[in-house]
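The values are calculated or read from the model by the stated rules, or taken from the named source; none is laboratory data. The structure displayed is predicted, hence computed values, not measured ones. Glycine also receives a Cβ, built like all others from the backbone with ideal geometry; neighbour counts cover every protein chain displayed.
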Amino acid sequence: MKGADLETASRKAKGLAQAAERAHKDAAQKDSAAKDAARQAKVKAKQAKKEFKAANKAARAAREEADAARKVFAKAAARSAKADARIARAKKKASSKKKAAPKAEAPKKDASPKQAARAGVAPRKGKVSRKAKAPLESAVQEDAFTLGESISELH
């Protein structure tokens, strides 16, 4: 009986060895798969980091360009405001010259004294605030303004 016990014990040991070998093989495959997944995750993380850096760099460049454009626009707006002021002064000066010019015509004889007194004076214009005039003129000039032209003037 000792021989039969030895055979069963050896079969049992052989079965356990094969099971252990299969378990080891499975564990090795799982380990390999886990290492592969970790490597792929590391590569993806590295790629994401590169893309993030590139996006940051592009955003920084865009921010700098926007700041430069705002600066150029502010300068152009100031130039436009100066030009509007000059135009307003020139209009005012021209209208005052028209008022100051004496009229060559003599008042009619059949007119009343009040009408005769008013004949030499230009009719009064209604008061128009500068604020009411300025937006209309500046809006027309802003339409004519292009950012590309002003940037090229700076360079």
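What are the residue pairs meeting all of these: first residue in the range 27-53, first residue loosely packed, with under 10 Cβ neighbours inside 10 Å, second residue among the aromatic types (Phe, Trp, Tyr) and at pLDDT 95 or above, Cβ atoms under 9 Å, and 6 or more apart or on different chains?
Partner pairs satisfying both residue conditions: none exist.
With respect to ALA59, determine if the residue is in contact (Cβ under 8 Å) with a residue 24 or more places away in the chain and under 51 Å from the mean Cα position of the chain (by Cα). Outline the logic, then answer.
Numbers: in contact (Cβ under 8 Å) with a residue 24 or more places away in the chain: no; under 51 Å from the mean Cα position of the chain (by Cα): yes.
It is false that ALA59 is in contact (Cβ under 8 Å) with a residue 24 or more places away in the chain and under 51 Å from the mean Cα position of the chain (by Cα).
Could you grab me the full set of residues in the range 45-93 that are of a type in the set (S, T, N, Q) and in contact with a helix residue (DSSP H, G or I) (Cβ under 8 Å, 6 or more places away or on another chain)?
Taking the range 45-93 first, the residues of a type in the set (S, T, N, Q) are 47, 56, 80.
SER80, the sole residue that qualifies.
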